[in-house]
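Participant: Please read through the structure below; I'll follow up with questions.
The values are calculated or read from the model by the stated rules, or taken from the named source; none is laboratory data. Given the structure is predicted, the values throughout are model-derived calculations rather than measurements. Don't worry about glycine lacking a Cβ; one is built from the backbone with ideal geometry, like all the others, and counts go over all protein chains shown. These accessible areas exclude ligands, DNA and RNA; they are computed on the full protein's heavy atoms, side chains included. Shrake-Rupley method; radii C 1.70, N 1.55, O 1.52, S 1.80 Å.
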Amino acid sequence: MRSFYQDVTEQDFDEVVIRGSQGQLVIVDFWAPWCQPCQVLKPLLEKLAYEYEGQFLLAMVNADDAQQLSLNYGVRGIPSVKAFLDGQVVDEFSGALAEPDVREFLERNIPTAASKLVAEAKALLDQGDVDSALKSVNEALSLAPEHAKAAVIKAGILLNRRDVDEAGAILDSLRGDILDDSLTKVLKARLTFARQAQGLPGIEVLKRVAQQGDNPLQAKLDLAALYVVTENYDRALNELLDVMKKDAMFAEGAARKNMLVIFDILGSDSDLAQQYRRLMASALH
């Protein structure tokens, strides 16, 4: 008989839960042998794992033996149940809930057909198959027009293809928790520059204007926008830094504001972002 649940340790957690939750729901039950509520919830979860026949995998973690994992995932009391999808915690509860409440928890987290298509689209993008990814995400949206993650992925594909208007329409329509998603934030930041770049002349023309034209600082701001669109962030930051050095308040401080947006795109761990944060700070003092 196929097993729909298994014991998981700190050693195999990444394999079973993080990688295992790519496109599949993994329910992690942090429990301990001495915990009385755990003894109530654990057999219920095991029963439901068999009943749902593989719609989710139940991973049971002995919190006493996996204290670092418990710390990493903010387990303050047991039983603590966390739903993982695509390597992330998407829902959770604590305590021994009644069976109807546990069923409701599962139902709202088990991937739908649309969610599975979104996972497929992500995998195809990782493989570089953009056309197939777009097809999958469009199928997902046809099944679930309000699927926010599908919309974000489609917007990213469109933005990469320079379809700024359609990508912008999608991103502008987003509401709720998806606005806090890291990919959403990056795409909205990129959209800001893509809109700035619309209608601009080419890079070589703007370079000449920046050197010899009547409004060189604006040309440098425009150049930076074009460089961001082509993901040449180093050159974009260099142009913006030059504007700051010459006139930090030009266009209401647009150079500094745009540098901050690029830092958001690059992420806090980016060496390039850290380098230019230091340079920006020096230019301001």
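Participant: Can you give the helix-only mean residue ellipticity at 222 nm for the chain, where every DSSP H stretch with n ≥ 4 adds -39500 (n - 2.57) and the sum goes over all residues, rounded to the nearest 500 deg cm²/dmol?
Facilitator: Estimated from H runs of four or more residues: -18000 deg cm²/dmol.
Participant: Can you tell me the relative contact order of segment 160-246? Whole percent, Cα pairs under 8 Å, sequence separation 6 or more.
Facilitator: Dividing the mean separation by the residue count of segment 160-246 yields 22 percent.
Participant: Hey, what angle do you get for helix 148-160 against the long axis of the chain, alpha-carbon based, 0 to 90 degrees rounded to 10?
Facilitator: Compared with the principal axis, the helix lies near 30 degrees.
Participant: A further question follows. If you roll a 1.4 Å probe over segment 1-146 with all protein chains in place, what percent of the accessible area is carbon or sulfur?
Facilitator: It is 49 percent, rounded to a whole number.
Participant: Could you give the size of the charge dipole of the chain about its Cα centre, using +1 on the Cβ of each K and R and -1 on the Cβ of each D and E, expressed in debye and rounded to the nearest 20?
Facilitator: The dipole magnitude comes to about 1120 debye.
Participant: Output the 0 to 90 degree angle, nearest 10, between the alpha-carbon long axis of helix 254-266 and the longest principal axis computed from the alpha carbons of the chain.
Facilitator: 30 degrees
Participant: What FRET efficiency comes out for Arg195 versus Val130 if R0 is 25 angstrom and r is the Cβ-Cβ distance? Round to the nearest 0.05.
Facilitator: 0.70
Participant: For Cα extents along the principal axes in Å, one of (1) 53, 44, 34; (2) 77, 44, 29; (3) 100, 50, 32 was computed from the structure I shared and the rest are decoys. Which label?
Facilitator: So the calculated entry is the one marked (2).
Participant: Any idea how far apart Val261 and Asn138 come out in nm if each label point goes 7 Å out from Cα toward Cβ?
Facilitator: 2.9 nm
Participant: What is the Cα coordinate range of segment 1-138 on the first, second and third principal axes, sorted by size from largest, in whole angstrom?
Facilitator: 53, 31, 29
Participant: Give me the percent of the accessible area of segment 164-210 that comes from carbon and sulfur atoms, probe 1.4 Å, all protein chains in place.
Facilitator: Answer for segment 164-210 is 53 percent, counting heavy atoms of protein chains only.
Participant: Helix 99-109 against the longest principal axis of the chain: what's the angle in degrees, Cα atoms only, rounded to the nearest 10?
Facilitator: Orientation of helix 99-109: about 30 degrees from the principal axis.
Participant: Just to be sure I understand the model, the point goes 7 Å from the Cα along the line to the Cβ. What's the resulting Gln211 to Gln22 distance in nm?
Facilitator: 4.7 nm
Participant: On alpha-carbon atoms, Rg over Rh for segment 140-285 using Kirkwood Rh?
Facilitator: 1.02
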